[in-house]
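As structure tokens, the structure follows; a few thoughts come after it.
The values are calculated or read from the model by the stated rules, or taken from the named source; none is laboratory data. Note that the structure is predicted; figures quoted are calculated from it, not measured. Glycine gets a Cβ as well: all are built from the backbone with ideal geometry, and neighbour counts include every protein chain shown.
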Amino acid sequence: MAADPIHQFRIVELFPIAHIGNTEIAFTNSAMFMFAAVIIITAFLIIGTAKKSLVPSRLQSAAELSYEFVATTVRSTAGHEGMKFFPFVFTLFMFVLTLNFIGLVPYTFTVTSHIIVTAALAIMVFLTVLLYGLYRHGFHFFNLFVPKGVPIAILPLIVFIEVLSFVSRPISHSVRLFANMLAGHITLQVFAGFIILMGTAMGAIGWIGGILPFGMIVILMALETLVAFLQAYVFAILTCIYLNDAIHPGH
Amino acid sequence: MAEQQHTTSTEHPAEGGHGGFPPFQSNTYASQLVWLAIAFVLLFVLMSKWALPRVGSAIENRQKRIDDDIAEAGKLKEQSDAAVAAYEKALADARANAQAIANETRDKQAAEAEARRKTLEDELNVKLTEAEKTIAATKQSAMSNVRGIAEDATRAIVERLIGKAPNDQAVTAAVADALKR
């Protein structure tokens, strides 16, 4: 059971809240870690800026760094007008980043390894882009699908491809994060399982041999830390790029 | 933890979409979505209303302080530049002033010297002419004395030679004739 690589992704119901029809709404381990992330992020920023010193402390530096980092990303990809979405992108980035990092701690649960969570976030971004684009530019928003300077003969094909790529955005957006987190954690679990397997099967020699997969876990852990950050960043920057389409449609 | 999972799985008999792979167990979706929505909205509100303005203001304050300091430094530099310019102007003025005073003094002294020289010269000229006059008068008187002496001597010589006093007119004419030569 301990070696089961998907055991870690199990949703554990902590206590039920309500029943809507046949569907049960329960407070789960997933929800617990989501709120843990909310508390960690808020505490990080609020405690970091408790003094608001001119020369920042380490924590304040880190808080300001996260702020500047996301602000620079938004400004460089979506322009100055994109800054109105800064709180949204910042929330997304910090939420995903914190959930990814929490997932790296042993015995925790990785919220972002569930497709329903990443899909919900991606669809939220998609709808934000679509609704803001329509609100801001009206029907002109659909110019996004009609690149300029394309010969009329192949225009229908191009428009079809553009629409298809636009609609498939939430899929790639969500699956990228989900698959990365899932695969990384399964790999870690599989290598950890090797140690147990060798130890129980071959005794002392097996435990010594277990150093090899353990070393692998150490290396993978470093890689997963990078992936945890990178996927959060990719999620945020893709959000910025999609928002840029809503703010400046037309190529 | 394993126990908890065990009870969970017994509590949830195979409902719709209850597969073996947790991320695809659709009976967990509703719970996850509800809590995701609550957590995300909560975080969004906390960030946009509370945390981000705080961080932003801290950064802005620092930027403002830096800008103020730079502006202050610029102002001080302007002041020091003005002071340097004023100092240099004062220096140039003083130099010009000194030059003017020196020129004036030199001119005045030259003029005074010239005037003194002139008065001295005049005085000397006056003395000279007086002296010349005295010399002329002395010479005149000396000359007239010479004539009288010469006439007397002539009369005496002639009286001794011929024993008889010569005619006065002849003597005077003879002396004048001799003096002319």
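Couple of notes before you dig in:
- Test: B:Ala30 is assigned to a helix (DSSP H, G or I), more than 7 Å from chain A (Cβ to nearest Cβ) and at pLDDT 85 or above: no
- Pairs with Cβ under 6 Å, 6+ apart, first in segment A:102-116 and away from every other protein chain (no Cβ under 11 Å), second part of a loop (DSSP other than H, G, I, E, B): A:Ile102/A:Thr108; A:Gly103/A:Thr110
- Checking B:Ala71, B:Ala90 one by one, the residue that is over 18 Å from the mean Cα position of the chain (by Cα) and not hydroxyl-bearing (Ser, Thr, Tyr) is B:Ala71 and no other.
Table: residues versus (1) among the basic types (Lys, Arg); (2) at pLDDT 95 or above; (3) out of contact with any strand residue (DSSP E or B) (no Cβ under 6 Å at 6 or more places or on another chain).
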{"site": "A:Arg58", "(1), (2), (3)": "yes, no, yes"}
{"site": "A:Lys84", "(1), (2), (3)": "yes, no, yes"}
{"site": "A:Phe88", "(1), (2), (3)": "no, yes, yes"}
{"site": "A:Val96", "(1), (2), (3)": "no, yes, yes"}
{"site": "A:Leu99", "(1), (2), (3)": "no, yes, yes"}
{"site": "A:Ile123", "(1), (2), (3)": "no, yes, yes"}
{"site": "A:Pro151", "(1), (2), (3)": "no, no, yes"}
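- You will find that of A:Met181, A:Met202, A:Met124, A:Met198, the residue that is surrounded by fewer than 14 Cβ atoms within 10 Å (Cβ to Cβ) and in a helix (DSSP H, G or I) is A:Met202 and no other.
- Only one of the listed residues (A:Thr42, A:Thr28) is modelled with pLDDT of 95 or more and hydroxyl-bearing (Ser, Thr, Tyr). That residue is A:Thr42.
- In segment A:37-50, the residues that are in a loop (DSSP other than H, G, I, E, B) and at the interface with chain B (Cβ under 7 Å from one of its Cβ atoms): A:Thr49
The rows are residues; the columns are (1) closer than 30 Å to B:Ala30 by Cα; (2) assigned to a helix (DSSP H, G or I); (3) over 16 Å from the mean Cα position of the chain (by Cα); (4) more than 10 Å from every other protein chain (Cβ to nearest Cβ).
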{"position": "A:Ala26", "(1), (2), (3), (4)": "yes, no, yes, no"}
{"position": "A:Met32", "(1), (2), (3), (4)": "yes, yes, yes, no"}
{"position": "A:Phe35", "(1), (2), (3), (4)": "yes, yes, no, no"}
{"position": "A:Lys52", "(1), (2), (3), (4)": "no, no, yes, no"}
{"position": "A:Ala63", "(1), (2), (3), (4)": "no, yes, yes, no"}
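- Count - residues of segment A:1-24 that are surrounded by fewer than 14 Cβ atoms within 10 Å (Cβ to Cβ), within 9 Å of another protein chain (Cβ to nearest Cβ) and part of a loop (DSSP other than H, G, I, E, B): 3
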